[in-house]
1. Per residue of the range A:80-91, in order, report the coupling 6.51 cos²θ - 1.76 cosθ + 1.60 (Karplus, θ = phi - 60°) as ³J(HN,Hα) in whole Hz, putting x for Gly and Pro.
2. To the nearest Å, what is the center-to-center distance of the range A:6-62 and the range B:1-79, using C-alpha atoms only?
3. Students sometimes get this wrong: rank B:Met27, B:Met10 by accessible area, probe 1.4 Å, all chains present, largest first.
4. Under 1.5 on a/c is rounded, so check that first for the range A:100-221, then, if it is not, pick prolate when a/b is larger than b/c and oblate when it is not; a ≥ b ≥ c are the square roots of the alpha carbon gyration tensor eigenvalues.
5. What are the ³J(HN,Hα) couplings of the range A:126-137, residue after residue, when phi is run through the Karplus curve with 6.51, -1.76, 1.60 and θ = phi - 60°? Round to Hz, x for glycine and proline.
6. Please state, to two decimals, what the Cα-based radius of gyration of the range B:2-82 comes to when divided by 2.2 N^0.38 Å (N = residues).
7. What residue among A:Val82, A:Val72, A:Val30 shows peak mean-square fluctuation when chain A is described by a Gaussian network model with Cα springs under 10 Å?
8. Which lysines, on any chain, are close to A:Lys35 with Cα under 30 Å apart, when same-chain ones fewer than 8 places away are left out?
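The values are calculated or read from the model by the stated rules, or taken from the named source; none is laboratory data. These numbers come from a predicted model, not from an experiment. Here the Cβ positions follow ideal geometry from the backbone for every residue, glycine too, while neighbour counts run over all protein chains shown. What goes into the accessible areas is simple: the full protein's heavy atoms, side chains included, and nothing from ligands, DNA or RNA. Shrake-Rupley method; radii C 1.70, N 1.55, O 1.52, S 1.80 Å.
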Amino acid sequence: MKVGVIVFPGSNCDEDAVAAFRDQFGCETVKLWHKDNDLQACDLIFLPGGFSYGDYLRSGAIARFSPIMQNVIDFAAKGGLVWGVCNGFQILCESQLLPGALLHNDHQKFNCKNVFIKANTTESLITSNLTVNTALQIPIAHGEGRYYCDEANLLKLKSNNQILFTYCDANGNETDGSNPNGSLQNIAGICNEKRNVFGMMPHPERAVDTELYNTDGRGLFQSLLASFELV
Amino acid sequence: MKFKAEIDVMPHAALLDPQGKAVSNSMPNIGLPSIHDVRIGKHISMELTADDDAAAHEMVETACKKLLANLIMESYSFTVKAV
């Protein structure tokens, strides 16, 4: 699998993503500059975390109109795989590649800590090898991660099984106390209806290296690579 | 013709506005406990060139819909005046 990690001005998790895909999982990985109009025949486009354009106006709002995003939108429309983490998730929502929006955390603080999330379904490329309802410890680092969508979209997300991850406690229970930002129904990650665009606030790419003593994020990458082989 | 637009972008009333809530809660600290329900949005001003008033309005409307406001979480209103 060839992976393209997009670099926007203000991206700061692009190196983490490259280290995960290239060094941990042996994928051919290239960085793609946001002003370019070439996805370099990548199989997966990864939108990393950070503060694109300084989070001016709204997180992801200005990055959504970077030149490369039109290529990403066209790529996704043809079924290409796109994965956004943190600021990448915000950009995907602003681009309307994913439904909903990410609002300021309900407590107005920047959250930087390990939390627990669980996969709600194995019916997606990034959750196919995970065990449903089993807690994974994954870092979060965001000020605007409160997932919100209207009721009609929430119903769609549920009926189409698009809610991939929810915040939970260490035992896999979705509780108010385990919701770090006030997200609607503890939602931490979703996919689009066609299941080729994925977005999540937690950072699995920061939890793949044994030297960091947390490898709970590896399962997402293993799922992706295993299911990609089968596609 | 030159125009000046004044735009307000506000979070939807139904959504929790943590900034507004924090400011609301601080009102008693400055001796004004009767102030409540503070909501915080953005005020954006801009200058533009357009053929006429209608074209200026349309341009600002497009800017609001495409970039300045996210209609999932915000609403907008604006005025446009020739300068």
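1. x, 7, 9, 10, x, 10, 6, 4, x, 5, 4, 5
2. When both Cα centres are located, 31 Å separates them.
3. B:Met10, B:Met27
4. Working: a/c = 1.65, a/b = 1.11, b/c = 1.48.
Oblate, because a/c is 1.5 or more while a/b does not exceed b/c.
5. Karplus-based 3J(HN,Hα) across the range A:126-137 equals 8, 10, 4, 9, 7, 9, 4, 6, 9, 5, 10, 8 Hz.
6. Details: Rg = 16.1 Å, N = 81, 2.2 N^0.38 = 11.7 Å.
Ratio of Rg to 2.2 N^0.38 Å for the range B:2-82: 1.38.
7. Its mean-square fluctuation being the largest, the pick is A:Val30.
8. Partners found: A:Lys2, A:Lys78, A:Lys194, B:Lys42, B:Lys65, B:Lys66.
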